[in-house]
Amino acid sequence: MKHLGKLLKKHIESQNIKKREVAEAAHISYNYLSTIFAKPTMDCELWEKLCLASGLNPADAFEVPHGTIKKYSDISAHTTVGSATVTIGAEHQIKEKQALLDLLAEKERLIQVLLAASGLRIGTESEQNT
């Protein structure tokens, strides 16, 4: 985890945000904000307020190495019919797969049209006889 105070200060300064405005938006004093910059950690509620006040993404505080992000499940249930799991992002994955299948089917139709137009017959002998 990164040093929260330094991360916040760097963000505020790089975005040219006035520290007084951040303090007011987070409902803390300007002096307290200055002391927070030296803190490596802080209360989650305070971190949330400061991130909202400054526009900093709270997730920027975490150092997650590439390739170690795991997928989590939204819902996991055991019923009389069987187990069920709904994965985060599953709907997006299903739509992507369906789009690829639709594209593949369209390419296959194009190949068949081109073969028919050229008079070529490709396939096994039984496919050609049908």
*Could you please give the count of residues in the range 1-49 that are assigned to a loop (DSSP other than H, G, I, E, B), farther than 15 Å from Asp60 by Cβ, in contact with a Leu (Cβ under 9 Å, 6 or more places away or on another chain) and aliphatic (A, V, I, L, M)?*
2
*Total residues in the range 15-56, condition exposed (fewer than 15 other Cβ atoms within 10 Å of the Cβ) and among the β-branched types (Val, Ile, Thr)*: 2
*asked:* Whether any residue in the range 6-15 is small (Gly, Ala, Ser) and in contact (Cβ under 8 Å) with a residue 12 or more places away in the chain is what I want to check.
replied: no
_Looking at the range 59-81, can you tell me whether even one residue there is open to solvent by 60 Å² or more (accessible area, probe 1.4 Å), touching a helix residue (DSSP H, G or I) at 6+ places or on another chain (Cβ under 7 Å) and at pLDDT 85 or above?_
yes
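The values are calculated or read from the model by the stated rules, or taken from the named source; none is laboratory data. Since we're looking at a predicted model, the values are computed, not measured. Methodologically, a virtual Cβ is constructed for each residue, glycine included, from the backbone with ideal geometry; neighbour enumeration extends over all protein chains shown. What goes into the accessible areas is simple: the full protein's heavy atoms, side chains included, and nothing from ligands, DNA or RNA. Shrake-Rupley method; radii C 1.70, N 1.55, O 1.52, S 1.80 Å.
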